[in-house]
Amino acid sequence: MLGIKPNNKLVKLAPFVREALAFAEAERVLGPHQCLTTGHLLLGLLRVDVEIINILHELGVDLKFVRGLVHSAIRYSSVEKCRKGWSSELGQLISHYCTLLHIQQEKAEHELLVLQLVSQPNSIGSQILASLGVTKENFSKPNQ
């Protein structure tokens, strides 16, 4: 079972998160990238959850288009130079997500994970979403 250790305590990841990370890893393998990034997580999310796919689609996010953006962003960033495994940006995002989920004890874990992705400062995933006009503010109001 996939897990992380925020504050040196192992946290089990929800099945949805494990599935999104599995799809993210599959996306990583499609490119010449050594480590998993928030860009890959974005691609994984675009393959795993119908509700998230519909929300992001309404906001103009398309898997085929975003895949090219992710591969380009990783190619020209310092993330590609990291060792295999999770990039630090992805580790921070998942750690924040687990902390918020524990504090808020919400059932909306899918939306919370995407909000964390959108909100993560200077990460590949958030920069790509921002370039497509997807922000924290408009994610929660996709029909406007």
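Observations
- In terms of packing, defined here as the mean over residues of other Cβ atoms within 10 angstrom, the peptides 33-43, 127-137 line up highest first as 33-43, 127-137.
- Summed side-chain charge close to L42 - residues other than L42 whose Cβ falls under 11 Å, Lys, Arg +1, Asp, Glu -1: +1
- Net +/- balance of residues flanking A26 in space, Cβ distance below 14 Å, scoring K and R +1, D and E -1: +1
- Taking only alpha carbon atoms, the stretch 15-139 gives an Rg to Rh ratio of 0.93, where Rh is the Kirkwood radius.
- Prolate/oblate/rounded label for the stretch 13-76 (Cα gyration tensor, a/c 1.5): oblate
Quick note: the coordinates plus some simple rules give every number you see, no bench work behind them. This structure is a prediction, so every number in the text was calculated from the model and none was measured. Glycine gets a Cβ as well: all are built from the backbone with ideal geometry, and neighbour counts include every protein chain shown.
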